[in-house]
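Take a look at the structure set out below.
The numbers here are math on the coordinates, done by the rules we state, and not lab data. The structure presented is a predicted model; accordingly, all values stated were derived computationally and were not measured. When we count neighbours, we look across all protein chains shown, and the Cβ atoms used for this are built from the backbone with ideal geometry, even at glycine.
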Amino acid sequence: MEVFGRYQVIQPIAKGGMAEIVLARPMSGARRHCALKRILPAFSCDEHFVSMFIDEARITIGLSHPNVVRLDDFGQVDGVYFMAIEYVDGSDLGALLRTQVRSGTALPPMVAAAIVRDVAAGLAHAHGLTNADGVPLGVVHRDVSPQNILLSSTGQVKLTDFGIAAAKNKLSLTTPGMVLGKAPYMAPEQARGEAIDFRTDLWALGVVLWECLVGDRLFANGSAIDTIERVLNSPIPRPSSRRPGIPASLDALTLSLLSRDINDRPRRSQDVTRALDAIITQLAASSSWAIDGHFDDSCLARFLASVQWSDDTAPMRPRAPSPPAVSPGATTQKRATPLIDDVDDPELRALVARLRDEREPWLLVDIGHRAQQLRSLDELALSAWRTAAAGFASRGLLVQALAAHAPVRELVGDTVADDDIMALGELTPGHDGELIALLTHVDRHGLGGHVTGVMLPPPPKVPLLGDLGPRELARLAKVVTVTSVKAGTIMIREGERGDALYAVARGRMVVSCNDLGSHLVGSEPDWTTDVTAREGTHRIDDKGNHQQRQISLAGLADGDFFGEFSFLAERPRSATVEAVSDGIVIKIERSDVEHIASVDPAFTAPLLEFYKERVVELLMAKSPIFSLLPPNDRRALLKRARSIDAADGQVIVKEGMRNDSLFFIRRGEVEVYRNDPADGVIFINKLGPGQFFGEMAALRHRARTVSVRAIGPTTVLEIESAALQAVVDSDPRLEQLFDTMMAHRTAEVRTRVQEHHRVLGT
């Protein structure tokens, strides 16, 4: 089966013009399945589309309601952006309505009212969303339609797809006058490109309710232009005039939602929910679909099971596969220490119940924290934290393992905690026998069965941590800071100094910047500025002032590192990272890393590899030249690169020498100069971290035409000419770009020499 980042892909669900959806399960071993929504490769390069995609995640992750599809994760894997959303093993309302239309029927008023009532409840939650300070975010879905209303096999109704939603905390801004949404469900103000608010969604909800009751389309009429004309001007008949038997109360509510004057619609989303609750109570008293005068999820499930689905209307999707059975011996003790029966705490009981159902290791961490709060249950807390850490480590999820284990140190001290971490570092990912053996020593409460017996391939190797031996991992664990963060917290801010590296252990974050062009400053010499600068990151306000536009760049989730560029290259932060959900992060200070490297040489090599992977490859990917290389070729070049430390004034490249290597500045600065027989030293340029030099000699095998010396302590990476030449020969475009680059460099040297002679009059 396919492994996609932190997930194992099980089977495809659907594919559209811009994205595909597949069924997957997390590699953490949690039982809960999810639907991965992945942007197709052609759109992953579209800055505007990606920003909208990330904005959907920003909004949806703040929603927590039984009638809104839950967002569990988002980010990117090898350039492919994705969301992991709650899997709903049913159909959508659009498919149900098509089936009803083909059979010449409509939904029973009881069923229609119940479905729309739940959608209204989900909308009310979204419309009432606030930021961390309690300020309303003004979320408007803008695409309420039958296709975005999911019906589960158990009768749950869930609103999905906030991809074009409007909200005050969106980073990407819709162009004024731009119309987004499905034409048949657009409110008049939305179709005219005017200002919208939550009442725009209520109009769409009214269209959905009308179509559910009548069994026909209200405005759809061939072309989008004709449909919009009907939205703006066509009469709207009462549902009962088209389908007798609909109660007057439903007629009145439907028409109030479909008032073309936005001010005549209900004043609050909650008012719609309450009105439908009253109507459902009235209808349930006599409806054959109700049970004992009530209509709940089980009643809707019974109705859906009775539907004769048309062959081409996407009938109920199959249930997610059952989780694999726990292997024999997975329980770490024959007799578990009493866990719940002796503890009269509803919160702890609820957490354990969820753990048994979901097998999510983070729930063990939550159990540990709750047990510690109860004061007399420190032993239970230790078992829970150690078991969670072992479960994560056995899946290769070392960031999560360090965060889960962090509170253990406070209770047992450094010696025992260090032994624990070394044991975690010795686990072979995916080897259940090693995990079970470890749990016999750390799990005193029979919790191990919730993290063992999971037959999944290990996820990709964790940067930095995955290259550390057990001893080095224990050294690092002792100095990292594990912190809980709240949604809305700015973790790092663009332009600030960066002396710390972070990793997300739990939670979701968004990366953004004010100007993508600033992301690239210094990544290449000045002559590439016109090539690497990106357009479209600025806008003009209504007063004609030039403004920067903040743009979403990426999403971060469990196991992702951030801040590594400024941490390793000693540069200002190139982007802002904001927590969009509550979570946990680990923080690593540069001074601590340097101290560990100074006392433990075994730590140096993993740190260098991390630098190559996270900084040099990033800069290569943004280079107009090296970006043409396939990622594997860039990695191959870096794998063979060696690190060289140069003292202040040390000559790295000497004019006239035969040396075919290409150099990349990792830390510090260098001065490029040449010696003139008559005038002495002529300054050519100064280069800093992230810049390359020496490519002319590397590709043309010529003697060096300039000298390069360190300004202060400097570290460079040396890439051999043979490795570079091999990849250049594979693509004619690279040869042409290097020729252009070398022509620029030659002209730059000539200009500097001429300027020198002009100033000195020689």
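Values for this structure:
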{"read-out": "In sequence order, calculated HN-Hα J values of the range 92-106 (Karplus, 6.51, -1.76, 1.60; Hz; x Gly/Pro)", "value": "10, 4, x, 5, 5, 5, 4, 4, 5, 4, 5, 8, x, 10, 10"}
{"read-out": "Nonlocal amide H pairs with ILE684, under 5 Å, H built at 1.01 Å", "value": "VAL672, TYR673, ARG674"}
{"read-out": "Within-11-Å neighbourhood charge of GLY5 [Cβ basis; K, R +1; D, E -1]", "value": "-3"}
{"read-out": "Calculated from backbone phi, Karplus (6.51, -1.76, 1.60) coupling profile of the range 475-486 in Hz, x at Gly/Pro", "value": "4, 5, 4, 5, 9, 6, 9, 9, 10, 7, 10, 9"}
{"read-out": "Interatomic Cα distance distribution for the range 175-279, bins of 5 angstrom, percent", "value": "2, 13, 24, 24, 20, 11, 5, 1, 0"}
{"read-out": "Rounded FRET efficiency, nearest 0.05, which uses the C-beta distance separating ASP582 from ILE711 and R0 of 56 Å", "value": "0.80"}
{"read-out": "Cleavage-rule hits, trypsin sites (Lys or Arg not before Pro), the range 338-388, DSSP coil, Cβ neighbours within 10 Å at most 16", "value": "ARG375"}
{"read-out": "Amide H contacts of ASP560 (H built 1.01 Å from N, under 5 Å, at least 5 apart or other chain)", "value": "VAL504"}
{"read-out": "Compactness relative to 2.2 N^0.38 Å, alpha carbon Rg of the range 91-306", "value": "0.99"}
{"read-out": "Largest-first principal axis extents, alpha carbons of the range 58-146, Å", "value": "48, 36, 20"}
{"read-out": "By average C-beta atoms within 10 angstrom, highest first, the peptides 580-592, 283-295, 476-488", "value": "580-592, 476-488, 283-295"}
{"read-out": "From the C-alpha gyration tensor of the range 228-300, square roots of 5λ in Å", "value": "27, 16, 10"}
{"read-out": "Order by protection proxy (mean Cβ within 10 Å, highest first), peptides 147-153, 187-193", "value": "147-153, 187-193"}
{"read-out": "Inter-site label distance for ASP292 and SER730 at 7 Å from Cα along Cβ, in nm", "value": "6.9"}
{"read-out": "Rg followed by Dmax, in Å, when the range 421-476 is reduced to its Cα trace", "value": "12.3, 33"}
{"read-out": "Global form of the range 640-760, assessed from the alpha-carbon gyration tensor, a/c cut-off 1.5", "value": "oblate"}
{"read-out": "Estimated FRET transfer efficiency (ARG242, THR428; beta-carbon r; R0 56 Å; 0.05)", "value": "0.25"}
{"read-out": "Mean Cα-pair separation over length for the range 1-112, i.e. relative contact order, pairs under 8 Å, 6 or more apart, %", "value": "18"}
{"read-out": "Long-range HN-HN contacts of MET27 with modeled amide H, under 5 Å", "value": "TYR7, GLN8"}
{"read-out": "For the range 277-293, Karplus couplings with θ = phi - 60° (6.51, -1.76, 1.60), whole Hz, Gly/Pro x", "value": "4, 5, 5, 5, 4, 5, 6, 5, 5, 10, 6, 6, 8, 8, 10, 6, x"}
{"read-out": "Listed residue pairs exceeding 25 Å between alpha carbons, taken from LYS486/LYS587; LYS486/LYS612; LYS612/LYS686", "value": "LYS486/LYS612"}
{"read-out": "Pairwise FRET efficiency - GLU609 versus LYS686, Cβ, R0 = 30 Å, nearest 0.05", "value": "0.60"}
